[in-house]
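Participant: Below is a structure I'd like to ask you about.
The values are calculated or read from the model by the stated rules, or taken from the named source; none is laboratory data. Fair warning: this is a prediction, and the values are worked out from it, not measured in the lab. Cβ: placed from backbone, ideal geometry, glycine included. Neighbour counts: every protein chain shown.
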Amino acid sequence: MINQDIAIKVEHVSKSFRIPQQRRNTIRERILSFSTKMTYETFNALEDVSFEIKKGEFFSIIGRNGSGKSTLLKILAGIYTPDKGSIKVNGKISPFLELGVGFNPELSGKDNIYLNGTLLGLTKKEIVNSYDKIVAFSELDRFIHLKVKNYSSGMQVRLAFSVAIHANKEILLLDEVLAVGDASFQAKCHQVFHNLIKSGITIVYVSHDKVSVQKYSDRALYLESGKTVFIGKPEEALSRYLSTDVARE
Amino acid sequence: MNQKNSNHNWEMIWMLAKTDLKMRYQGSWLGIIWIFLKPLCIFLVLNFVFSHLFFKDNQNYSMRLLLGLILWFFFSETTTVGMNSLISKAGILKKIYIPKWIIIISATVHSALAFFFNLIILFLFLFAYKIYPGLPQILLFFVYVILVFGISLTFSFFTAPLFVRLRDLNQIWEVLLQVLFYASPIIYPVSAVPPKVQTILYLNPMTLLIEHSKMVLIDNTVPRLDHLLIFIIIFIPVFFASLWYLKKSSKNLIENM
């Protein structure tokens, strides 16, 4: 058992993907190319990454595209299994990787709240209880019986965000989901965000947005091609990230 | 805690199944009636052809055919949707962690529902033909039904992850289902084939289940229970092997989708 103050403990995690040079998904392809050896390119998405996140901490992960940030979040969410190393999670984790998972455009807003809520780990009773709050927050009460395919993209995101923030979890994994909706809805989201942080929830946040990383983070992890470059003060992580970024250009 | 988790798993299965059901019948003019209509039409065609041409003297041929067909549809639909289930939910699986067995079972809910509706029709027909199976026979029949579902699930647990890597599987299975249909005693009784061939037929698990179902429901007899016992003794370890395989292959499944 891990220390009660620790929310997430990541130890020596590595993950690589095998990218076949040519795909052989069908039997025909396999037979035709039986004699030639299958060649793979191995892509190391993460190499020996270790860190701990304390309960109630706001932990940011920064890095360029393809540096392994999203792979790391997917491992934390249990979608990918690491090749090496271990992950220990203390508390219920909310996979916030993308908004509106499972949203079905042919169903009404109401049905989608139930579907998405269930997938996010809410029980039916919990959804029934917070249904009114979800609808009120999304400001979609007039359209809630309309099929989601008739929603504007902004409305869809509003609905998805409203369900997601009502999925009461102890650990949130956020992959750049803050900038949604129009200005007034964004302000509301930031308010919710503030309240979440105050309520002592643990947040793992992946972003390119320097402002929000600096503003909210307690600590930050800077990843570069799957390796840890720096863990610690967000200011320092950001300045290192920005300087290498500038140097490259 | 555990109780809550397992409740939630069943809620998730039902929620996914309900969405599938809504999608399947939305915009369709006859809607849910297709559950009855499809097997009934196929039954009428086969019955017209075979009861007049080949099995004139076979008592209650039509009822035997209907029973065999209903069990067969249950098997073929469950295995087909089960095999396709993980791929068809790739969009969700790539973004959220859901145990794979939940996805597979939720996909089979529709075929199980369809089966039970068809069963009602079957019993109405049986009563109309004045065939009244006894209680032990009906109980035995439900053991066979559970086993049909069991082997279909076992098959799906093996093939759903395999299908992610080998995309020919659905085509192969479509052809194999045709072969198995004629290798099962649906349109003919097992007794119609030579004894040597019978032995081969029994390698197909559906043969025993369909043949015994006909015996209990239509002839109102008790078939050999030792055969059923052997069947179950083979089935249980294979079922657990399929669960083990699903768990093992789930490890690197999502990135290959």
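Here's the yes/no breakdown for (1) at pLDDT 85 or above; (2) assigned to a loop (DSSP other than H, G, I, E, B):
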{"position": "A:ARG18", "(1), (2)": "no, no"}
{"position": "A:ARG28", "(1), (2)": "no, no"}
{"position": "A:THR36", "(1), (2)": "no, yes"}
{"position": "A:GLU52", "(1), (2)": "yes, no"}
{"position": "A:GLY56", "(1), (2)": "yes, yes"}
{"position": "A:PHE59", "(1), (2)": "yes, no"}
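Participant: In this structure, does A:LEU107 turn out to be without any contact (Cβ under 8 Å) to a residue 60 or more places away in the chain and either within 26 Å of A:SER184 (Cα to Cα) or touching a strand residue (DSSP E or B) at 6+ places or on another chain (Cβ under 8 Å) (or both)?
Facilitator: Criteria met by A:LEU107.
Participant: Quick one: in the range A:117-145, which of the residues that are among the β-branched types (Val, Ile, Thr) and either out of contact with any His (no Cβ under 9 Å at 6 or more places or on another chain) or more than 12 Å from chain B (Cβ to nearest Cβ) (or both) is farthest from A:SER184 (Cα to Cα)?
Facilitator: By that ranking, first place goes to A:VAL128.
Participant: Continuing with the same structure: Which residue is surrounded by the most Cβ atoms within 10 Å (Cβ to Cβ), if the candidates are limited to the range A:86-116 and must be within 17 Å of A:LEU173 (Cα to Cα) and at the interface with another protein chain (Cβ under 9 Å from one of its Cβ atoms)?
Facilitator: Step by step, filter the range A:86-116, then rank; the result is A:PRO95.
Participant: Would it be correct to say that B:PHE141 is more than 14 Å from every other protein chain (Cβ to nearest Cβ) and surrounded by fewer than 16 Cβ atoms within 10 Å (Cβ to Cβ)?
Facilitator: No; evaluated as a whole, the condition is false for this residue.
Participant: Given (1) away from chain A (no Cβ under 14 Å); (2) surrounded by 21 or more Cβ atoms within 10 Å (Cβ to Cβ), where does B:LYS95 come up short, assuming only one miss?
Facilitator: B:LYS95 satisfies all of (1) away from chain A (no Cβ under 14 Å); (2) surrounded by 21 or more Cβ atoms within 10 Å (Cβ to Cβ) except (1).
Participant: Continuing with the same structure: For the range A:200-225: of the residues being at pLDDT below 90 and of a type in the set (Gly, Ala, Ser), which is surrounded by the most Cβ atoms within 10 Å (Cβ to Cβ)?
Facilitator: A:SER217
Residues checked against (1) buried (at least 16 other Cβ atoms within 10 Å of the Cβ); (2) at pLDDT 80 or above; (3) not hydroxyl-bearing (Ser, Thr, Tyr):
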| site | (1), (2), (3) |
| --- | --- |
| A:SER153 | no, yes, no |
| A:ALA160 | yes, yes, yes |
| A:LEU174 | yes, yes, yes |
| A:ALA179 | no, no, yes |
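Participant: Continuing with this model, one more query. So B:MET12 ticks every box in (1) at pLDDT below 90; (2) crowded, with 16+ Cβ neighbours inside 10 Å; (3) assigned to a helix (DSSP H, G or I) but one. Which box is left unticked?
Facilitator: Evaluating B:MET12 over (1) at pLDDT below 90; (2) crowded, with 16+ Cβ neighbours inside 10 Å; (3) assigned to a helix (DSSP H, G or I) leaves (1) as the failure.
Participant: Kindly list the number of the only condition in (1) of a type outside the set (Phe, Trp, Tyr); (2) in a loop (DSSP other than H, G, I, E, B); (3) closer than 23 Å to B:PHE123 by Cα that fails for B:LEU208.
Facilitator: (2)
Participant: Kindly establish whether B:GLY31 is exposed (fewer than 13 other Cβ atoms within 10 Å of the Cβ), within 14 Å of chain A (Cβ to nearest Cβ), free of Cβ contacts under 8 Å to residues at least 60 places away in the same chain and farther than 30 Å from A:SER94 by Cβ.
Facilitator: The answer is no for B:GLY31.
Participant: Under 28 Å from B:ALA90 (Cβ atoms) and either more than 14 Å from chain A (Cβ to nearest Cβ) or at pLDDT 95 or above (or both): which single residue out of B:LEU217, B:LEU243, B:LEU229 fits that description?
Facilitator: Criteria check complete, one pass: B:LEU243.
Participant: What number of residues within the range A:198-235 satisfy the criterion of being assigned to a helix (DSSP H, G or I) and free of Cβ contacts under 8 Å to residues at least 12 places away in the same chain?
Facilitator: So the answer is 3.
Participant: When the residues of the range A:71-85 are narrowed to those that are in contact with a Pro (Cβ under 9 Å, 6 or more places away or on another chain) and assigned to a loop (DSSP other than H, G, I, E, B), which ends up nearest to the other protein chains (Cβ to nearest Cβ)?
Facilitator: A:GLY78
Participant: Can you tell me which residue among B:PHE75, B:PHE48, B:PHE36 is modelled with pLDDT of 90 or more, assigned to a helix (DSSP H, G or I) and either farther than 30 Å from A:SER94 by Cβ or not small (Gly, Ala, Ser) (or both)?
Facilitator: B:PHE75
To keep it simple, each residue is scored yes or no on (1) under 21 Å from the mean Cα position of the chain (by Cα); (2) over 28 Å from A:GLN4 (Cα atoms).
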{"position": "A:LYS110", "(1), (2)": "no, yes"}
{"position": "A:LEU119", "(1), (2)": "yes, no"}
{"position": "A:GLU126", "(1), (2)": "no, no"}
{"position": "A:TYR131", "(1), (2)": "no, yes"}
{"position": "A:LEU140", "(1), (2)": "no, yes"}
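Participant: Please go through the range B:25-44 and give me each residue that is under 21 Å from the mean Cα position of the chain (by Cα) and farther than 20 Å from B:TRP173 by Cβ, ordered by number.
Facilitator: Result: B:TYR25, B:ILE32, B:ILE33, B:TRP34, B:ILE35, B:PHE36, B:LEU37, B:LEU40, B:CYS41, B:PHE43, B:LEU44.
Participant: Kindly indicate whether any position in the range B:182-203 is part of a helix (DSSP H, G or I) and under 20 Å from B:THR108 (Cα atoms).
Facilitator: no
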